[in-house]
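The values are calculated or read from the model by the stated rules, or taken from the named source; none is laboratory data. All figures in this text were calculated on a predicted structure; none of them were measured in a lab. Here Cβ is always computed from backbone atoms with ideal geometry, including for glycine, and neighbour counts include all displayed protein chains.
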Amino acid sequence: MDQRISFPRVARTSWLLSTAFILFGVQASWAQTQTVTDDFEDGEWQFIHNWPKSSHNVDKQWRQPSGGSKNGLWSESMKRGQPDYIKRVETPAGGLPGSKGALLMRTLYSGIPDAKTGGYQQDDLIFNAAQQNGIVPVGRNPTTVVRVYVPPWKKWEQRTGTTFGFRTAVDSTTYERKRGFLSIRRVRKAETLYPGMFVQFNCKADGAEKDSAILIVRADTQGQDFFGPAIKPGWWTLGMSFSGDGRIHYYARAGVKPLTAADRFASEFPWGQKMERFSTIFFNVCNSNSGRSWSTPWIIDDPTVSYTR
């Protein structure tokens, strides 16, 4: 599959790069960075689902072959499966200048394929950044930015709860206490963590005072999710960056302009651990898995992962 990365519009390229440099907190040039992105401008962009999808988190079933995009940049999650509907669509009004295409994701059966299990479930769509550049140390200041279209309230799945996630896959090191004969020793263990941001909908039809949404951030030093900024319908720019000390920094702003330092709303050592190696990003699409109610339709544009060389 063709995995080449292209930047067909100079204006959008400069916006992407300026965002990455602001998040890194350094002055850099094109030659000093590596960037993986998908702008969805190819009119032939397509995701091949290869049904049925995996649902290992529910029934321990991996189903091959897995789904993936024709350009090689996106893959089904073998743990949860990909969203049921993934399609390139026309960019909603107010998006990035010059953008003609974006990606729509939504799901119906978010658990076992074609089966309603009831209760909250989620599907995952994985961006193949690691296949492009490998797993990189946080000393290379990995950063990720995406534009997200938040739909009008009337188009949301009418329930209170999490509906969307923008997350990272990062390696850390933990230590376990192992008891032996007359001794206790510390054993080093590598662990993959998945910090990121979720969108929670507070639904008036489901008991809330009014329709509203807020970012939920994973996680603080105790491993607890916490509230981020409230968000409203329209385009939003979300970002995360990693610094050499192992912290993750969270950013959000309304609109599609590049993020600045003023858009950082939190910095954490998630679960009290230092982040060490960055793999990639992925997106969650969640619903009630009733077999009747589709998830909220989520549209993203220009997801980007950048590193210093």
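Restricted to the stretch 183-232, and to residues that are over 17 Å from the mean Cα position of the chain (by Cα) and of a type in the set (A, V, I, L, M), which residue is surrounded by the most Cβ atoms within 10 Å (Cβ to Cβ)? Among those that are over 17 Å from the mean Cα position of the chain (by Cα) and of a type in the set (A, V, I, L, M), it is A213. Taken over the stretch 84-121, the residue count meeting the criterion of being of a type outside the set (A, V, I, L, M), modelled with pLDDT of 95 or more, in contact with a helix residue (DSSP H, G or I) (Cβ under 9 Å, 6 or more places away or on another chain) and surrounded by 17 or more Cβ atoms within 10 Å (Cβ to Cβ) is 2. Here M275 fulfils each of the conditions (1) crowded, with 18+ Cβ neighbours inside 10 Å; (2) within 19 Å of V150 (Cβ to Cβ) apart from (2).
Within the bounds of the stretch 234-254, is there any residue that is in contact with a Phe, Trp or Tyr (Cβ under 9 Å, 6 or more places away or on another chain), surrounded by fewer than 22 Cβ atoms within 10 Å (Cβ to Cβ) and at pLDDT below 95? The answer is no, given that none of the residues of the stretch 234-254 is in contact with a Phe, Trp or Tyr (Cβ under 9 Å, 6 or more places away or on another chain), surrounded by fewer than 22 Cβ atoms within 10 Å (Cβ to Cβ) and at pLDDT below 95. Residue count for the stretch 255-264 satisfying the condition of being surrounded by 18 or more Cβ atoms within 10 Å (Cβ to Cβ) and in contact (Cβ under 8 Å) with a residue 40 or more places away in the chain: 3. The residue list A93, A115 contains one member that is without any contact (Cβ under 8 Å) to a residue 40 or more places away in the chain and hydrophobic (A, V, I, L, M, F, W, C), which is A93. Going residue by residue through the stretch 118-125, is there one that turns out to be assigned to a strand (DSSP E or B), closer than 30 Å to C203 by Cα, of a type in the set (D, E, K, R) and touching a residue at least 60 places away in the same chain (Cβ under 8 Å)? Scanning the stretch 118-125, I find at least one residue that is assigned to a strand (DSSP E or B), closer than 30 Å to C203 by Cα, of a type in the set (D, E, K, R) and touching a residue at least 60 places away in the same chain (Cβ under 8 Å), so the answer is yes. When the residues of the stretch 224-260 are filtered to those that are part of a strand (DSSP E or B) and in contact with a Ser or Thr (Cβ under 6 Å, 6 or more places away or on another chain), the one that is farthest from R167 (Cα to Cα) is R253.
No other residue among T143, T163, T168 is more than 22 Å from S241 (Cβ to Cβ) and among the β-branched types (V, I, T) apart from T163. Looking across S267, S288, S212, one residue alone is in contact (Cβ under 8 Å) with a residue 40 or more places away in the chain and not β-branched (V, I, T). It is S288.
Based on what the data block shows, is T163 exposed (fewer than 15 other Cβ atoms within 10 Å of the Cβ), touching an Asp or Glu at 6+ places or on another chain (Cβ under 9 Å), assigned to a strand (DSSP E or B) and on the phi < 0 side of the Ramachandran plot?
Judged against the criteria, T163 is not a match.
All of T296, T221 fail the test of being over 30 Å from G139 (Cβ atoms), touching a Phe, Trp or Tyr at 6+ places or on another chain (Cβ under 7 Å) and assigned to a loop (DSSP other than H, G, I, E, B), apart from T296.
So, in the stretch 266-293, how many residues would count as being assigned to a strand (DSSP E or B) and not aromatic (F, W, Y)? I'd like the intermediate steps shown before the answer.
Taking the stretch 266-293 first, the residues assigned to a strand (DSSP E or B) are 266-268, 277-287.
With not aromatic (F, W, Y) added as a condition, the list becomes 266-268, 277, 279-281, 284-287.
So the count comes out to 11.
Of all residue pairs spaced 6 or more apart or on separate chains, those with beta-carbon atoms under 8 Å, a first member in the stretch 178-205 that is within 17 Å of P229 (Cα to Cα) and modelled with pLDDT of 75 or more and a second member that is of a type in the set (K, R) and assigned to a strand (DSSP E or B) are P195/R167; P195/R218; G196/R167; G196/R218; M197/R167; M197/R218; F198/R218.
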